[in-house]
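Notes for the one structure printed next.
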Amino acid sequence: MTERLGPDAVAHAAALLWGGALVAFPTETVYGLGGDATNGAAVAGIFAAKGRPQFNPLICHYPDAEAAFADVRADERARLLAARFWPGPLTLVLPRRPDCRVDLLAGAGLDTLAVRVPGNPMAQALLREVGRPVAAPSANRSGQVSPTTADHVLEGLSGRIAAVLDGGPCPVGVESTVLDLAGAGPAMLRPGGVPVEDIEALIGRVGRALPIAAAAGTQSLRSPGMLLSHYAPTLPVRLAAERVGPDEALLAFGPPLPGAAVVWNLSEGRDLGEAAARLFAGLRWLDAEGARRGCTGIAVMPVPETGLGAAINDRLARAAAPRG
Ligand code: TXA
Ligand code: MG
């Protein structure tokens, strides 16, 4: 059975990771499904526990930039970004060093590696105690909504992992921004917790990977994890709703549209940070509560595309995409 561990059990969690077991842990974005990134069997176990259909490359987590840059080659831009945003919700894709400790499967055989230094104190304590890179995708079954509480983790993975460290709800609520610094120019592969505008203020123009709708079905995705349907609730999701039917559940942003059977408000006061933090919990709640009340779908009010809105709209577009 999966143990639920408190803050005093960090050393125990680290020992489990050392032994090759899988431990979910809180980060500031979402809960991660952690395994020792230097241990091929542990990494394979991550894919199996999630039911991931393909070996998408995983992000490796470190306690600080020095530890991260021991496994990848950091240039001037990477150092600037790390100094400004780490610990925090930014992932950098950089060339692997020849002596990189991370198992090839964790990086899906690529010559680049995604590295990140999470801001959550429990994650920090765990990573310091482990002293090895920890590979961690979001701690949900493949294709489902990412977890922002330990309860969400257990709903999907109970019995499939050794333990979950319970650090309460995740304050950011959407995953990290993934920035590719290994190509010709910097490219944002996934919008996330650090707005791209803030990155551009530091290193100049950042390219955007194809919008997900345009990228659907192509083989040329720069980030293999950019699959279209993802974060999918059971009920169908309808975006940019300007009206709502009596048989619909409503994901509201600002003053809610009248007439919905069930409402979850991302942010009454239209605060994008609050909306990001409440997004995944809201999708889960509307899915369960909507189904219980016989709703036929989830209608979503428009969210502006600025700042954290880009990450919120990216996740919503995936939740609404045709299921693969
Ligand atoms: O906030 C987060 O980033 C969370 C927490 C747990 O840290 N983690 C997370 O991991 O979202 P995951 O595995 O769900 O997403 C990793 C993303 C995928 O889109 C993957 O394709 C991309 O990063 N990625 C990983 N390594 C890559 C690489 N070498 N090149 C390009 N993309 C990469
Ligand atoms: Mg995920």
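Are any of the residues in segment 128-138 more than 21 Å from A11 (Cβ to Cβ) and under 20 Å from the mean Cα position of the chain (by Cα)?
Start the filter on segment 128-138 by keeping residues that are more than 21 Å from A11 (Cβ to Cβ), which leaves 137-138.
Those still in the list that are under 20 Å from the mean Cα position of the chain (by Cα) too: 137-138.
Yes, the conditions are met somewhere in segment 128-138.
To keep it simple, each residue is scored yes or no on (1) in contact (Cβ under 8 Å) with a residue 24 or more places away in the chain; (2) surrounded by fewer than 23 Cβ atoms within 10 Å (Cβ to Cβ).
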residue	(1), (2)
A288	no, yes
A291	yes, yes
G297	yes, yes
V303	yes, no
G309	yes, yes
D314	yes, yes
A317	yes, yes
P322	yes, yes
Selection count where residues are away from ligand 2 (no atom under 16 Å from the Cβ) and within 14 Å of I59 (Cβ to Cβ), scope segment 124-141
2
If a residue has to be over 19 Å from G20 (Cβ atoms) and over 13 Å from the mean Cα position of the chain (by Cα) to count, how many in segment 154-178 make the cut?
8
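Would you confirm whether any residue within segment 106-118 is on the phi < 0 side of the Ramachandran plot and more than 11 Å from ligand 1 (Cβ to nearest atom)? Before you say what the answer is, go through the steps one by one.
As a first pass, look at segment 106-118 and keep what is on the phi < 0 side of the Ramachandran plot: 106-107, 110-118.
Now drop any that are not more than 11 Å from ligand 1 (Cβ to nearest atom), which leaves none.
So far as segment 106-118 goes, no, none of its residues is on the phi < 0 side of the Ramachandran plot and more than 11 Å from ligand 1 (Cβ to nearest atom).
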How many residues, within segment 275-324, are of a type outside the set (D, E, K, R) and part of a loop (DSSP other than H, G, I, E, B)?
13
Tally, over segment 43-87, of residues that are more than 13 Å from ligand 1 (Cβ to nearest atom), closer than 14 Å to L105 by Cβ and crowded, with 17+ Cβ neighbours inside 10 Å:
1
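Each reported figure results from applying straightforward, stated rules to the coordinates on display, with no laboratory input. What you are looking at is a predicted structure, and each value in this text was computed from that prediction instead of being measured. Here Cβ is always computed from backbone atoms with ideal geometry, including for glycine, and neighbour counts include all displayed protein chains.
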